[in-house]
Every structure is written in C-alpha cells, then in structure tokens.
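Worksheet for the structure shown next.
The values are calculated or read from the model by the stated rules, or taken from the named source; none is laboratory data. Quantities reported herein were computed from a predicted structural model and do not represent experimental measurements. Glycine also receives a Cβ, built like all others from the backbone with ideal geometry; neighbour counts cover every protein chain displayed. Heads up: the accessible areas ignore ligands, DNA and RNA and are worked out on the full protein's heavy atoms, side chains in. Shrake-Rupley method; radii C 1.70, N 1.55, O 1.52, S 1.80 Å.
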Amino acid sequence: MRERVQNALDKIRPGLMADGGDAELVDVDPEKGIATIRMVGACGGCPMSTMTLKMGIERTIRAAVPEIKEVIAV
C-alpha cells in the first residue's frame, strides 16, 4: 500500500515543485487508512497548503488507493 501511495504522490509532485514546494510521504497506516505526509519548501509555510493537501494531494491519493480514508500533514 505504501508503494501505491508513493506512486500517487509522485504523479502530483511536479506541480508542487513548480511552485517551489514538495510533499514527502512520512507514514501509511493501513489499519486506519491514513497516509501522513510532510509539506516542505514553499508548501511548508504556505497559507494555501491545507487546500493543496485536501483538494489536490488527498483526492489524488484516494483515487489511486481507495483504502486510504484520509491524508494528514505533520
């Protein structure tokens, strides 16, 4: 499951990097269906990072890995 989440994250990474940011996969909890990521670079301090997380990253990961119920940032 972790590899599938990483592959989904890799698909949207170029868009994040184009704005000077990135997201790193920290952990995947298959029992709870939660993927944890760390927003870095420009994304780390951006006021829009929550929207990017929920509307972009979470949507992409959940579409690719339906077992994931939520994506959270640390």
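How many residues, within segment 17-74, are part of a helix (DSSP H, G or I), over 15 Å from residue 5 (Cα atoms) and open to solvent by 80 Å² or more (accessible area, probe 1.4 Å)?
5
Taking residue 10, is it in a strand (DSSP E or B), open to solvent by less than 80 Å² (accessible area, probe 1.4 Å) and acidic (Asp, Glu)?
When the stated conditions are applied, residue 10 does not pass them.
Would you check which residues across segment 4-45 are closer than 18 Å to residue 66 by Cβ, touching a strand residue (DSSP E or B) at 6+ places or on another chain (Cβ under 9 Å) and without any contact (Cβ under 8 Å) to a residue 24 or more places away in the chain and list them?
6, 25, 29
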